[in-house]
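S.K.: There's a structure below that I have some questions on.
The values are calculated or read from the model by the stated rules, or taken from the named source; none is laboratory data. Since the model is a prediction, treat every value here as computed from it, not as a measurement. Glycine gets a Cβ as well: all are built from the backbone with ideal geometry, and neighbour counts include every protein chain shown. Accessible surface is based on the protein model in full, side chains and every heavy atom, while ligands, DNA and RNA are left aside. Shrake-Rupley method; radii C 1.70, N 1.55, O 1.52, S 1.80 Å.
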Amino acid sequence: MNIPFVKAHGAQNDFLLTWAADVDGLDQETLAAIAIKICHRNTGVGADGWQLLDTRQNPPLLRLFNSDGSEVEMSGNGTRCAAAMLVDAGLAQNNIQIQTGGGLKDLRLIHRDGAHFDFEMNMGLPRVEEENATMAGFPATILNVGNPQCALIVETIPANWKEIGAELESHPRFPNRSNISFVRKVDNHTIEARYFERGAGATMSSGTGSTGAAATAVLRGLVTSPVTVLTEAGPLEIRWEDSIYLSGPAELIAKGEYYFSPLSSTPI
């Protein structure tokens, strides 16, 4: 079976996108198997996640499968990539609405230069579960910004942050797993962050992770809005007014077909 795809990235958080109509009739198990194989960095196309965009629904519906095959609510960076795909296909213009598992998202196209787009996205307001927690010995805030987040406040980014993130992702406190971020204050309007995302591992950036990190820093009085979030892939911009707004890039970089065979061995 051939799976058409567009490859895109939002601040080096990369995704493969397929029109949902191109995989009609496939069950959840098959979709999960495709996600694992198509996202594999060596034997597949390679990505942090695979997204299905259904334009037969109004607004379009976006589903996200992580590289481990798990379906999750949404990705901030991934939703910007989907918006870029819609605009590029002539199916949207300056204001875009996309349904996600984390709710309806409104995006505004700020600028386009060929295959490069900049969007501002309304992330909504965070749902704080526990503002003053302690995880792995660090002060932490547990919240939801369309997906579950656990933001750890650190004075310096730990050298073993990936190992800590992998351990906390499946901590008993999080029965459905959680995205883990490490947040360091730089100044009153700037934080540095690292991300370990459930089902994908360490990523260069994260839209929802940046939203959770910035919200945590504001709630704890470390910074005030607007907030620049320094990721390994560059800055993302957050402002918290009536809602939280995330600004960042999305770039379409390739398209093609993936040759999926259910009989081939699953990559390790």
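S.K.: Assign one of three labels to the chain, namely rounded, prolate or oblate, based on the Cα gyration tensor with a ≥ b ≥ c the square roots of its eigenvalues; rounded applies when a/c is under 1.5, prolate when it is not and a/b is larger than b/c, and oblate otherwise. Display every interim value, and only then the final one.
M.R.: Values: a/c = 1.91, a/b = 1.34, b/c = 1.42.
Cα axes put the chain in the oblate bin.
S.K.: So for the chain: antiparallel DSSP bridges make up what percent, rounded to the nearest 5?
M.R.: Details: 72 of 86 bridges.
The antiparallel proportion sits near 85 percent.
S.K.: All other residues with a Cβ under 12 Å from the Cβ of Ala214 taken together, and with Lys, Arg as +1 and Asp, Glu as -1, what is their net charge?
M.R.: Values: positive: Lys185, Arg220, Arg239; negative: Glu192, Glu237.
Summing Lys/Arg as +1 and Asp/Glu as -1 gives +1.
S.K.: Per the helix-only calculation at 222 nm, which mean residue ellipticity applies to the chain, given -39500 (n - 2.57) for every DSSP H run of n ≥ 4 and division by its residues, nearest 500 deg cm²/dmol? Spell out each step's value before the answer.
M.R.: Values: 4 runs with 46 residues, N = 268.
For the chain, the value works out to -5500 deg cm²/dmol.
S.K.: Got a number for carbon plus sulfur as a percent of the chain's accessible area, 1.4 Å probe?
M.R.: Numbers: 5480 of 11400 Å².
Taking all protein chains in place, the chain shows 48 percent carbon and sulfur surface.
S.K.: With +1 on each Lys and Arg Cβ and -1 on each Asp and Glu Cβ, and nothing else charged, work out how big the dipole of the chain is about its Cα centre, in Debye to the nearest 20.
M.R.: Working: 20 positive and 31 negative charges, 21 e Å.
The calculated dipole for the chain is roughly 100 debye.
S.K.: Between Asp22 and Ala202, how many nm apart are label points set 7 Å from Cα along the C-beta direction?
M.R.: According to this spin-label approximation, the distance is 3.2 nm.
S.K.: What FRET efficiency, computed as 1/(1 + (r/R0)^6) with R0 = 25 Å and r the Cβ-Cβ distance, is obtained for Asn2 and Asn176, rounded to the nearest 0.05? Don't skip to the end; give the middle numbers.
M.R.: On the way: r = 33 Å, r/R0 = 1.32.
So, using R0 = 25 Å, E works out to roughly 0.15.
S.K.: Put Leu222, Leu86 in order of accessible area, largest first, 1.4 Å probe: what do you get? Show your work: numbers first, answer last.
M.R.: Details: Leu222 50, Leu86 0 Å².
Largest accessible area first, the list is Leu222, Leu86.
S.K.: Under 12 Å from the 7 Å Cα→Cβ point of Glu167, by amide nitrogen: which residues of segment 119-148?
M.R.: Residues 135-138 fall inside that zone.
S.K.: What is the packing order of peptides 204-211, 239-246, 5-12, 147-154, taking the mean over residues of other C-beta atoms within 10 Å and listing the highest first?
M.R.: Details: 204-211: 28.6, 239-246: 16.0, 5-12: 23.1, 147-154: 25.2.
The peptides rank, most packed first, as 204-211, 147-154, 5-12, 239-246.
S.K.: Among the aspartates and glutamates, which fall within straight-line cross-link reach of Lys185, defined as a Cα-Cα distance under 16 Å, with same-chain neighbours fewer than 8 residues apart omitted?
M.R.: Glu155, Glu232, Glu237
S.K.: Where both partners of a DSSP beta bridge lie in segment 1-157, what percent of those bridges are antiparallel, to the nearest 5?
M.R.: Among the beta bridges of segment 1-157, antiparallel pairing accounts for roughly 85 percent.
S.K.: Step through the table entries Lys37/Lys255; Lys7/Lys105; Lys162/Lys255, compare each Cα-Cα distance with 23 Å, and write down the pairs that go over it. List each step's numbers first, then the result.
M.R.: Details: Lys37/Lys255 17 Å; Lys7/Lys105 21 Å; Lys162/Lys255 31 Å.
Pairs exceeding 23 Å: Lys162/Lys255.
S.K.: So what is the accessible area of segment 99-148 per residue, in Å², with the probe set to 1.4 Å? Write out the running numbers ahead of the final one.
M.R.: Details: 2310 Å² over 50 residues.
That works out to 46 Å² per residue.
S.K.: What FRET efficiency comes out for Val186 versus Glu241 if R0 is 35 angstrom and r is the Cβ-Cβ distance? Round to the nearest 0.05. Intermediate values should be presented prior to the final figure.
M.R.: On the way: r = 22 Å, r/R0 = 0.62.
With R0 = 35 Å, the Cβ-Cβ based efficiency is 0.95.
S.K.: Count the DSSP beta bridges whose two residues both fall in segment 103-208, then state the antiparallel fraction as a percent rounded to the nearest 5. Provide the component values of the computation, followed by the final result.
M.R.: Working: 28 of 33 bridges.
That works out to approximately 85 percent antiparallel.
S.K.: So, in Å, what gap is there between the alpha-carbon centers of segment 75-104 and segment 180-253?
M.R.: Using only Cα atoms to place each centre, the spacing works out to 20 Å.
S.K.: How much FRET efficiency would the formula 1/(1 + (r/R0)^6) give for Leu104 and Thr43, where r is the Cβ-Cβ distance and R0 is 41 Å, rounded to 0.05?
M.R.: Working: r = 36 Å, r/R0 = 0.88.
Calculated transfer efficiency: 0.70.
S.K.: Based on the mean of other Cβ atoms within 10 Å per residue, sort peptides 122-131, 56-65, 137-146 so the most packed one is first. Intermediate results must be reported in sequence, preceding the final value.
M.R.: On the way: 122-131: 16.2, 56-65: 18.2, 137-146: 20.9.
In decreasing order of mean packing, 122-131, 56-65, 137-146 become 137-146, 56-65, 122-131.
S.K.: For segment 1-138, what does the alpha-carbon gyration tensor say about shape, rounded, prolate or oblate, given a ≥ b ≥ c as the root eigenvalues, a/c under 1.5 as rounded, and a/b over b/c as prolate? Before the final figure, lay out each step's value.
M.R.: On the way: a/c = 1.56, a/b = 1.09, b/c = 1.43.
Oblate.
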